[in-house]
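The values are calculated or read from the model by the stated rules, or taken from the named source; none is laboratory data. What you see is a predicted model, and the numbers here were worked out from it, not measured in a lab. Virtual Cβ from ideal backbone geometry, glycine too; neighbours counted across all protein chains shown.
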Amino acid sequence: YWCRAITDLKRDFPENILIASIMAPFVKEDWVELAVMSEKAGADAIELNLSCPHGMGERGMGLACGQDPHLVRNICVWVREAVKIPFFAKLTPNVTDIVEIAIAAKEGKADGVTATNTVSGLMDLKGNGTPWPAVGIQKRTTYGGVSGNAIRPLALRAVSAIAKALPGFPVLATGGIDSADAGLQFIYSGASVLQVCSSVQNQDFTVIEDYIIGLKTALYLRSIDDMSEWNGQSPPTPKHQKGKPIHLFDEKLPAFGPYKKQREQKDMCINCGKCYMTCNDSGYQAITFDSETHLPFVTDDCTGCTLCLSVCPIIDCVTMVEKTIPHYPKRGIPVKGEVKNPRKVSFPLLAQ
């Protein structure tokens, strides 16, 4: 399925770079097979997932491979012998010294590394001790990878340390790049390429265009001598404002006047569209958006991935319920004949 997708994408977008991500346990045959399949499918490069913490460590994959320099070095050697296209080892921050792992990848003839994957963590517990988000019928939680701008300082440190220890060795930076400003910080730290995931899931792929425009603007401002004192797009504080007294109490806010029209919102949905955007670009295009009411509607294509639940800003606006019709997966190799005993899956119910 994914190899066919790689071939189709390269056919439709021949000028774009496509990097295939592969993951396997510490078994040479598995890594070689996946690498060769990716190369034959038309991938421009390969990323070795040696760092996924989402239950993969318990299966001897991902995190389990990426924490041992010996395993990382051998896996890179296997892949280098099998393919000619460039490949990059995606590193985990859940180690004592990430530079040691990067050195092992370079010794294994990797063309570079990706720093970093998510940080192992436990998400929120509510006031009564129950988890949010809760998973399954018993409403439990588990350890997983924390991503987004919360891990940016860790990722910046990793990129900086690797770039300093291995000058000229390409580093694909990821981990908290939620703006052009954040991306520029990684470039300053030694990154060769920027990767974005959480921001796309929280919104959609249009953020990439925002980052490109923002980076161009930042570089343009840096080229102007008169703006050398600016911090990005923020001008320096004018001299007449420095030390200006500020009244901290005994002052009233100005009156803004009455509202012209009161808006009554009987349901919980605030019509922000975040569920629609993340499902459209990062999910299964299973949510439609009413152009008049701006209310989302979940179609039968929903697979219960919970992306909409994770990005919704209103608590309990989206809840997961059991699907009332048989679920037939519409991805992968088509199944001949009818699907017997379709599995029961939880799907989102949007407040309407």
Got a number for residues in the range 154-187 being closer than 21 Å to Cys52 by Cβ, crowded, with 20+ Cβ neighbours inside 10 Å and out of contact with any strand residue (DSSP E or B) (no Cβ under 9 Å at 6 or more places or on another chain)?
1
Can you tell me which condition Ala115 does not meet? The list is (1) within 30 Å of Ala191 (Cα to Cα); (2) among the aliphatic types (A, V, I, L, M); (3) surrounded by fewer than 13 Cβ atoms within 10 Å (Cβ to Cβ), and all the others hold.
(3)
Give just the number: which of (1) of a type in the set (Phe, Trp, Tyr); (2) surrounded by 13 or more Cβ atoms within 10 Å (Cβ to Cβ); (3) at pLDDT 90 or above does Trp230 not satisfy?
(3)
Taking the conditions exactly as written (within 30 Å of Leu309 (Cβ to Cβ) and crowded, with 18+ Cβ neighbours inside 10 Å), does Gly190 satisfy them or not?
no
Using the structure shown, decide if Lys336 is more than 26 Å from the chain's Cα centre (by Cα), surrounded by 10 or more Cβ atoms within 10 Å (Cβ to Cβ) and either farther than 25 Å from Gly148 by Cβ or at pLDDT 80 or above (or both).
no
Which residue out of Gly60, Gly42 is of a type in the set (Gly, Ala, Ser) and at pLDDT below 95?
Gly60
Of all helices (runs of 4 or more DSSP H) fully inside the range 107-212, the set with 2 or more residues that are hydroxyl-bearing (Ser, Thr, Tyr) and in contact (Cβ under 8 Å) with a residue 12 or more places away in the chain is 198-202
Would you tally the residues in the range 213-236 being among the aromatic types (Phe, Trp, Tyr) and outside any helix (DSSP H, G or I)?
1
Any idea which of Ser51, Ser21 is at pLDDT below 95 and under 19 Å from Ser198 (Cα atoms)?
Ser51
Is the range 298-315 home to any residue that is at pLDDT below 85, assigned to a loop (DSSP other than H, G, I, E, B), exposed (fewer than 11 other Cβ atoms within 10 Å of the Cβ) and at positive phi?
no
